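Here is the structure we will look at, set down as structure tokens.
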Amino acid sequence: MINGKKLNIAVIGAGASGIMSVIKLREMGQTNVQVFEKAQDIGGTWRDNRYPGIACDVPSHLYRFSFAPNPDWTRVCASGEEILRYLRRVYDERDVGRHVTFNAEVTEVHYLKGAWTLKTTGGTYGPFDVLITAMGILRFPTMPDIAGLASFEGTMFHTGRWRDDVSLEGKRVGIIGTGSTATQIVSAIVGKVGKLLLFQRTPQWIMRLPNTEISLEERERFRRDPELLEQHYQELGHEFNSKFAAAVVGQNPRVYEYMEQMCRENLETSVTDPVLREKLRPNYKVGCKRLVMSDTFYTAIQHSNAELVTDRIECVEAGGIRTVEGRLYEIDVLILATGYDAHSTLFPMKVTGRHGLTIEEAWKQANEAYLGVTIPGFPNFFMIGGPNSPIGNFSFLMTAERQCEYAISMIQFLATNPVVAVSPKLEAMRNFNESVKGQMSETVWASGCKSWYMDRNGNIASWPWTYEHFEQLMNHPDLAHFEQLDSTQA
Ligand code: NA7
């Protein structure tokens, strides 16, 4: 039952966060929810990424919505396909579809006197009282800045735009990049291609995580006993957050040491050739770049088909890649596993807030938000995955749920008070960002490496505290940090 006013709410994106937002908003009685999705299907990241070997790097039983248990995960870390199936199931079972407009990329959002108007490629919509962006984080493939890329005459594509129509069977395949994506692809295709050349600029630390099958018996046990499944979710969450997530922000040195030891041992024991081993040895701290989880990559890179190229790339030519030593590596298919720009947060959408303030003006110096969720001058505007969201520490679905709940608390406040709009105070945001900067030096991400966590100013744009702290802040919005606007001020 609704408590208070019924509000018109727009959600941008029908990926995991958008689907979840609809369900949670409806649970609180807010049913006037419209979702705008640029593509013609749901799924976001898991719809767009379809490369061979794609899997989550968080355990499946933790990578789910808290309200939609899944006893049927088939592996410790689910494949992309299985995650997409899960999202579709939740979407169908909860009848989220009736809220969604597809093929409607939101190009412009504009706030005026307490209402948001949305321009999309499918028309203009509004007014909305509240706007939630659920646009994902790794949306924009980074194309490498390598001379001659356009002159390549074979087939070339980024991993985020996988070409299902291109067979790799027996081909000479080059892969640029050694992040989570490249390592998954290498393991999946090395036995099928004619030759695999992996171009490594920086080696990665790799934590051995056997992606074993979850037995039929275990799945059946979870299906029969929902309490057991819930307990498993809670325990995994506790384990993950109190160990890994605390270790990377400097709050669990014992576990951090263990992680270091595990990664070093993995390299020592898995790679037999000492020359190759040294090429694969990073010179920065474990976890500074996002840790790669794999128990197949080291085996794959030692396959007779595989070659690790560590000479720097000079340029791409019609027939392949030339390194600075002058050698040409001939390639039929060139795969760019060069990652994503995680800091194009709302781009290319034009966002205009109160008094005509644009997001370009607000973010001229840096992308900044109060608690990663709201921005001063942009009333009733809530981001899932905004700047300084925990991108390197927690299961993203847990992050997204807590951020969505934060938005929901604020929406509940709007629904039950004579307040038309809430907007965080500039001072509150500045204080938050100061404390982020102060704390970030304690984290392993700031220990001296380059990673996709860094924004255009070289600052780490993640969450430098524990999960408990995040949960506490998200569960208890501090209204004193918000301007509250009535109908005459909004
Ligand atoms: P990542 O982790 O950002 O990895 C990108 C890789 O591409 C990394 O090894 C980069 O080397 C390499 N890269 C980027 N540009 C170049 C150029 N110009 N030349 C050579 N090598 C280059 O992206 P992923 O897609 O693997 O993973 C993204 C996230 O998705 C991952 O963290 C999981 O959360 C899932 P560098 O290290 O910068 O030297």
* Asked: Solvent-accessible area per residue for segment 76-219 at a 1.4 Å probe radius, Å²?
  -> 46 Å²
* If one computes the Cα centroid of segment 239-306 and of segment 458-483, what distance in Å separates the two points? -> 29 Å
* To do: Give, as a single signed number, the net charge of other residues whose beta carbon lies under 13 Å from the beta carbon of M349, with Lys and Arg counted +1 and Asp and Glu -1.
  => +1
* Determine by what factor the alpha-carbon radius of gyration of the chain differs from 2.2 N^0.38 Å, reporting the quotient. => 1.00
* Structure fact -> Sorting Q302, V271, G287 by the position of each Cα along the dipole of segment 245-322 (Lys, Arg +1; Asp, Glu -1; all at Cβ), the one nearest the positive end of that ordering is G287
* Just report the Cα centroid separation between segment 67-101 and segment 370-394, whole Å. => 25 Å
* To do: Return the long-range amide H neighbours of Y340 (sequence gap of 5 or more, or a different chain), with a cut-off of under 5 Å between placed amide H atoms.
  => T142
* Structure fact -> Cysteines of the chain without any disulfide-compatible partner (other Cys Cβ under 4.7 Å) are C56, C77, C263, C315, C404
* Structure fact -> Helix-only [θ] at 222 nm, the chain, -39500 (n - 2.57) per DSSP H run of 4+, per residue, nearest 500, equals -9000 deg cm²/dmol
* **DSSP H segments from the chain that extend 18 Å or more along their own axis, Cα-based, with Kyte-Doolittle mean of 0.0 or above** => 396-416
* Structure fact -> Residues other than R208 with Cβ under 11 Å of its Cβ, Lys/Arg counted +1 and Asp/Glu -1, net out at -2
* Net charge near S409, counting Lys/Arg +1 and Asp/Glu -1 over other residues with Cβ under 12 Å of its Cβ? -> 0
* Arranged from highest to lowest average of other beta-carbon atoms within 10 Å per residue, in what order do the peptides 394-400, 370-376 appear? -> 370-376, 394-400
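The values are calculated or read from the model by the stated rules, or taken from the named source; none is laboratory data. Values in this document were obtained by computation on a predicted structure and should not be read as measured data. For neighbour counting, all protein chains shown are included, and Cβ atoms are generated from backbone atoms with ideal geometry for every residue, glycine included. SASA here: full protein model, heavy atoms, side chains in, ligands and nucleic acids out. Shrake-Rupley method; radii C 1.70, N 1.55, O 1.52, S 1.80 Å.
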